[in-house]
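Asker: Would you mind keeping the following structure in view while I ask a few things?
All of the numbers you see were taken from the coordinates with simple rules; none came from a lab. On a predicted model such as this, the values are computed, not experimentally measured, just so you know. All Cβ positions, even for glycine, are placed from backbone atoms using ideal geometry, and neighbour counts span all protein chains on display.
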Amino acid sequence: MIILGIETSCDETAAALVEKRDGSISILSNVVSSQVELHSQWGGVVPNLAAREHLKNILPVIEKALEKSGKEENGIDAIAVTNGPGLIPALLIGVNTAKTLSYIWKKPLLGIHHIEGHIYANFLSYKLKDREEKQLFPLLCLVVSGGHTQLVFMKRHLSYRIIGETQDDAVGEAFDKVARILGLGYPGGPEIAASAQKNSPNSSKFNFKLPRPMITSHNFNFSFSGLKTSVLYTTKKHQEFLNDPAFVSAMSHEFQQASIDVLVAKTIAAAKKYKPKTIMLAGGVSANTELRKQLETAVKNNLKNTNYCIPDTTYSLDNAAMIAAAAHFRLETQRSKSKLINNWKNLKADANLKLK
Ligand code: KG4
Ligand code: ZN
């Protein structure tokens with residue numbers, strides 16, 4: 001079975017061909033056209049500019065994905081597209097392109113939730129047989145992206161229960177905003193991570209202590225807006241040092257560590273209550289090396305016999321291979337194949353689509 005995945009929910013135009021055979025997934029092609037340079041001038045994604053770029057790039061990106069895979073339209077069994085959540089002008093480009101192709105090529109069409117895609121990016125990296133896959137469940141996934149921070153409990157494939165989430169900013173959003181406060185580039189996540197790495201805690205003349213919001217709260221929710229405001233006030237107080245790289249790297253380091261401390265503590269606390277067999281990490285912030293390392297250490301030290309899954313960093317950030325991967329699992333559970341005939345008519349983009 002081969003699925004063409006399409007993703008346009010934010011600022012990447014992406015298409016990929018993914019094959020699933022005997023339980024094993026292979027990526028035939030994965031094309032991502034990034035708009036980072038365009039949006040960096042504005043310090044964030046401008047929805048209508050994103051839509052214009054998606055419109056310009058979507059067909060060339062799909063053509064390239066087909067070409068790289070060596071497949072043609074008749075080699076594709078289904079089309080999958082992110083239908084939410086995300087920026088509506090951006091989502092509409094991907095959804096309407098996918099609907100048109102589904103109509104012309106007479107292929108079934110699947111709408112995939114963006115976060116479901118991020119979770120299934122993990123299944124691109126793990127060449128697991130169906131039987132082994134079952135031993136991963138129940139699993140607890142820490143979803144960390146530019147729009148989401150959630151703890152998702154999954155008893156089985158495609159079954160989601162959100163047991164905790166951010167009450168305000170997503171952690172990726174906080175990384176982006178803090179980078180802006182510190183005069184670093186966009187997107188902020190990789191900039192903060194690189195700056196934090198340059199910090200030498202023992203010799204730095206700066207030693208900040210930021211709060212760890214909600215770390216001891218008796219639930220699995222998060223809050224990152226107060227942490228970001230703390231960075232803002234501390235930076236304002238030390239305005240004269242903003243051009244000092246030692247100041248910026250000390251602040252980046254402490255902000256990153258405060259975020260990781262909360263994410264790790266909440267994940268471990270939730271795991272102690274829900275007793276999953278696997279801890280999984282997903283979303284753009286899962287590209288963060290320190291988070292990947294520190295969560296792994298915490299899982300080893302605090303949870304016995306628990307698997308730890310992280311996506312290959314190539315698939316941490318937005319891409320279409322993850323959308324096609326999720327669609328393979330959805331298609332397998334679809335009992336009535338007749339429902340898939342002409343189903344493009346029913347698919348709608350939804351900026352606030354819920355994970356279910
Ligand atoms: O999943 P994603 O590509 O898009 C959304 O679905 O939102 O995530 C983008 C977010 C941005 O906020 C970006 O700053 C953050 O992921 N990010 C990182 C890193 N790489 C990307 N955050 C921390 N460390 C990184 N290395
Ligand atoms: Zn994403």
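Asker: Once you charge only the Cβ atoms, +1 for Lys and Arg and -1 for Asp and Glu, what is the size of the charge dipole of the chain about its Cα centre, to the nearest 20 debye?
Answerer: In debye, rounded to 20, the chain gives about 1360.
Asker: Can you compute the modelled spin-label distance between S225 and L158, with each label point 7 Å from Cα toward Cβ, in nm?
Answerer: Roughly 3.6 nm, to one decimal.
Asker: Please list, or write none, the lysines whose alpha carbon is within less than 18 Å of the alpha carbon of K209, excluding same-chain residues fewer than 8 places away.
Answerer: Within the straight-line limit of under 18 Å, K209 reaches these lysines: K198, K228, K236, K237.
Asker: Within segment 246-342, which chymotrypsin sites (Phe, Trp or Tyr not before Pro) sit in a loop by DSSP and count at most 14 neighbouring Cβ atoms inside 10 Å?
Answerer: Numbers: sites: F247, F255, Y274, Y308, Y315, F329; in loops: none.
Hits after loop and neighbour filter: nothing returned.
Asker: Given springs between every Cα pair under 10 Å in a Gaussian network model of the chain, which of N202, N288, N83 has the largest fluctuation?
Answerer: Maximum fluctuation in the GNM of the chain, among the listed residues, is at N202.
Asker: Less than 15 Å Cβ to Cβ from A98, Lys/Arg counted +1 and Asp/Glu -1: what total charge do the surrounding residues give?
Answerer: +1
Asker: Length gain on complete extension for the stretch D312 to Q41, per 0.36 nm per residue less the alpha carbon to alpha carbon distance?
Answerer: 94.7 nm
Asker: Given a Förster distance of 22 angstrom, what is the FRET efficiency for Q294 paired with I215, based on the Cβ-Cβ distance and rounded to 0.05?
Answerer: 0.95
Asker: On to the next question. Please get the size of the charge dipole for segment 14-102, origin at its Cα centre, with Cβ charges of +1 on Lys and Arg and -1 on Asp and Glu, quoted in debye to the nearest 20. If you can, show how the numbers build up before the last one.
Answerer: Details: 8 positive and 9 negative charges, 32 e Å.
Here segment 14-102 has a charge dipole of around 160 debye.
Asker: With Cβ to Cβ distances under 11 Å as the rule, what net charge do the other residues near E53 carry (K, R +1; D, E -1)?
Answerer: For residues surrounding E53, the net value is -1.
Asker: Still on this model: Assuming R0 = 45 Å, what is the FRET efficiency of K273 and E72, from their Cβ-Cβ distance, to the nearest 0.05?
Answerer: Using R0 = 45 Å, I get an efficiency of 0.35.
Asker: So for the pair N202, N301, with labels modelled 7 Å out along Cα→Cβ, what separation do we get in nm?
Answerer: The answer from the label model is 1.9 nm.
Asker: Can you tell me the 0 to 90 degree angle between the C-alpha axis of helix 47-69 and the longest principal axis of the chain, rounded to 10?
Answerer: Around 60 degrees separate the two axes.
Asker: Related question: Can you count the Lys pairs in segment 1-155 whose Cα atoms are under 23 Å apart, with each pair 8 or more apart or on different chains?
Answerer: Value for segment 1-155: 29.
Asker: Another one. Given Cβ point charges of +1 (Lys, Arg) and -1 (Asp, Glu) and nothing else, what value in debye, to the nearest 20, does the dipole of segment 22-172 about its Cα centre take?
Answerer: I would put it at about 360 debye.
Asker: In degrees from 0 to 90, rounded to the nearest 10, what is the angle of the helix 88-105 Cα long axis to the longest principal axis of the chain?
Answerer: Approximately 20 degrees, to the nearest 10.
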